[in-house]
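To start, the structure under review is shown below, and the notes come after it.
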Amino acid sequence: MSKLPQKQVKIFDTTLRDGQQCPGAGMSFEKNLEYAHISAKAGVDILEAGFPSASQTDFKIVHTIASEFAGLTNSPIVAGLCQLREAQIDKTIEALLPITTCKRARLHVYLPVDPELMKASLGELANKKDLLIQDVYRLVKKSFDAGCEVELSPEGYSRMGNHFDFTTDIIRAAISGGATVINCPDTIGGACYLEGKDYFVEKMNQHANIMRTEFPDKNITWSVHCHNDMGLALENSMNGVFLGPATQIEGCFNGIGERAGNVSLEQCIMYLKCFGHIGNGKNTFFTGSHIQYLKEISDFVSDNMLKRQAHWPVTGDNAARHTSGGHTNAILKNPLAYQPFDPRETGHEITFLFGPMSGSNLAKSIIEKHGYTCAESEKVKITEYIKDYYADRRKGITDQELMQAYLAFRQKEKQNGQS
């Protein structure tokens with residue numbers, strides 16, 4: 001049986017752009033630069049550094065990251081986002097200029113195709129579809145001629161409705177103008193495979209087939225950008241890869257972003273690591289990400305942008321922390337007994353928290369780790385004493401607090417022996 005060919009899935013990190021559009025997630029100029037270098041260390045393929053035309057500070061952030069990355073022999077592509085407006089296109093080209101000569105600049109332009117979104121965003125211009133198509137070609141070509149790789153996002157793609165042909169014309173015009181990346185976003189996070197033929201991944205397959213026929217000599221990258229309003233961002237992103245034509249995933253670390261956030265990049269990366277080798281019958285999939293840095297970048301986002309939930313998958317504090325007696329007993333014998341993957345791969349460590357559901361083996365382990373004695377014959381009695389000592393501490397205690405109770409137990413024993 002022959003092995004399936006491998007396809008790399010590129011990781012497009014928009015934590016600095018879409019992530020900072022999340023209320024309360026903004027960072028200082030210096031923290032943006034610091035994040036950019038951590039993201040590069042984690043092996044992302046494209047870093048969307050911001051929206052240059054939003055403000056002078058945002059322009060400076062994108063321009064500075066482009067300048068710093070241009071001096072590196074190997075760095076992510078730097079992307080800047082803009083609307084389909086000439087002034088914004090020009091500003092974005094200017095911001096990316098330092099890295100353009102290195103062929104690592106990407107101009108990411110978007111235009112709504114969802115009928116309701118078009119009315120809300122474009123006003124009367126929404127009715128001038130021919131003009132919009134012409135503008136796509138003209139402004140994409142301008143960006144391409146300026147030395148930028150160009151990515152087009154038909155905004156609201158998953159709700160295009162009866163605009164399939166219009167969306168086809170927009171994509172066709174972009175590719176004709178030099179775009180090589182077509183991103184198909186579930187902008188409002190409401191797509192589901194149960195939609196059948198209306199599911200956005202099915203539409204992606206149709207558009208990919210049309211463009212493959214019309215542009216047989218062009219190598220087009222198809223991308224997904226899924227929001228998580230219904231909790232389906234990971235499923236939709238993976239369906240874009242395994243059931244669709246996508247070889248690029250856009251998202252944010254820790255799943256931050258507009259409203260309920262974007263797909264979590266660390267979850268996508270680990271999904272592809274664990275299941276990519278299974279493939280879809282045609283290809284297997286992998287990323288070039290360095291997973292040993294996932295915890296570091298996740299911690300940075302949690303510390304400087306939005307706090308991460310303790311039970312957050314892959315990198316959350318509780319993702320590799322255990323407390324219940326049955327679990328800890330097994331894990332003390334086999335650290336991976338209750339883990340889907342080795343947390344040490346992502347920079348995590350398996351830890352324990354002693355709590356009301358913990359067993360005597362964990363108490364014995366902590367006591368002996370601190371250099372004290374806990375015989376098999378007394379471990380249950382000691383554990384019961386510790387739980388009674390902290391009867392109101394239902395959320396768990398630290399190892400130091402456990403040792404305090406242990407020493408109190410020994411002191412009581414000593415007193416009882418003297419009386």
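The numbers here are math on the coordinates, done by the rules we state, and not lab data. This one's a predicted model, so the numbers in the text were calculated from it and none came from an experiment. Here Cβ is always computed from backbone atoms with ideal geometry, including for glycine, and neighbour counts include all displayed protein chains.
Quick check on my link table: of LYS41/LYS203; LYS10/LYS295; LYS203/LYS295, which ones sit more than 29 Å apart, alpha carbon to alpha carbon?
Checking Cα-Cα distances, LYS41/LYS203; LYS203/LYS295 exceed 29 Å.
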Mind checking which lysines have their C-alpha under 28 Å from LYS381, skipping anything on the same chain fewer than 8 residues away? LYS333, LYS364, LYS369, LYS395, LYS412, LYS414
Using only the Cα atoms of the stretch 318-418, what do you get for the radius of gyration and for Dmax, in Å? 14.5, 52
For a label point 7 angstrom out from the Cα of SER176 toward its Cβ, which stretches of the stretch 131-155 have the backbone nitrogen within less than 17 Å? 131-145, 152
Less than 23 Å apart at the alpha-carbon level, and either on another chain or at least 8 residues along: which lysines does that give for LYS141? LYS91, LYS103, LYS128, LYS129, LYS218
Extend 7 Å from the Cα of GLU296 along its Cα-to-C-beta direction; within the stretch 323-350, residues with backbone N under 13 Å of that point are 346-348
Modelled FRET efficiency - R0 60 Å, GLU214 with PHE29, Cβ distances, 0.05 increments: 0.85
Would you be so kind as to identify all helices of the chain, as entire DSSP H runs, whose Cα atoms reach 27 Å or more along the helix's own axis and whose mean Kyte-Doolittle hydropathy is at least 0.0? none
Rg/Rh over Cα atoms for the chain, Kirkwood Rh, comes to 1.10
Given q = 0.12, 0.14, 0.20 Å⁻¹, what are the Debye log10 I(q)/I(0) values for the stretch 236-365, with equal point scatterers placed on the Cα positions and solvent ignored? -0.55, -0.72, -1.13
Given the C-alpha atoms of the stretch 147-236, compute the convex hull and give its volume per residue in Å³. 92
The stretch 65-153 - charge dipole about Cα centre, Lys and Arg +1 at Cβ, Asp and Glu -1, debye rounded to 20: 140
Which residue, THR351, THR64, THR213, tops the fluctuation ranking in a GNM of the chain built on C-alpha contacts under 10 Å? THR213
Which is the longest part of the chain that has none of the trypsin sites (Lys or Arg not before Pro) sitting in a DSSP loop with at most 16 other Cβ atoms within 10 Å? 129-217
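Give a quick list of chymotrypsin sites (Phe, Trp or Tyr not before Pro) in the stretch 237-344 that DSSP marks as loop, anything other than H, G, I, E or B, with at most 16 other Cβ atoms within 10 Å.
Taking the stretch 237-344 and a limit of 16 other Cβ atoms within 10 Å, the loop chymotrypsin sites (Phe, Trp or Tyr not before Pro) found are TYR338, PHE341.
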Percent antiparallel among DSSP beta bridges with both residues in the chain, to the nearest 5? 5
Using the Cα centre of the chain as the reference point, and only Cβ charges (+1 on K/R, -1 on D/E), how large is the resulting charge dipole? Debye, rounded to the nearest 20. 880
Select from SER143, HIS63, ILE256 the residue farthest towards the positive end of the dipole of the chain; place +1 on Cβ of Lys and Arg, -1 on Cβ of Asp and Glu, and compute about the Cα centre. ILE256
Net length gained if the chain between ASN318 and LYS41 were fully extended (0.36 nm per residue, minus Cα distance): 97.3 nm
Can you find, among LEU336, ILE366, THR14, the residue sitting farthest towards the positive end of the charge dipole of the chain, where Lys and Arg contribute +1 and Asp and Glu -1 at Cβ? ILE366
Tell me, what does the Kirkwood hydrodynamic radius of the stretch 1-137 come to in angstroms if you use every pair of distinct C-alpha atoms? 16.3
Could you work out which residue, out of GLY26, GLY80, GLY71, moves most in a Gaussian network model of the chain, that is, has the largest mean-square fluctuation with Cα springs under 10 Å? GLY71
What nm distance separates the two modelled labels at ALA408 and GLU195, each placed 7 Å from Cα along Cα→Cβ? 5.8
Under 18 Å from the 7 Å Cα→Cβ point of SER121, by amide nitrogen: which residues of the stretch 233-263? 250-251, 257-263
For the GLU86, ARG344 Cβ pair and Förster radius 41 Å, calculated FRET efficiency rounded to 0.05 is 0.20
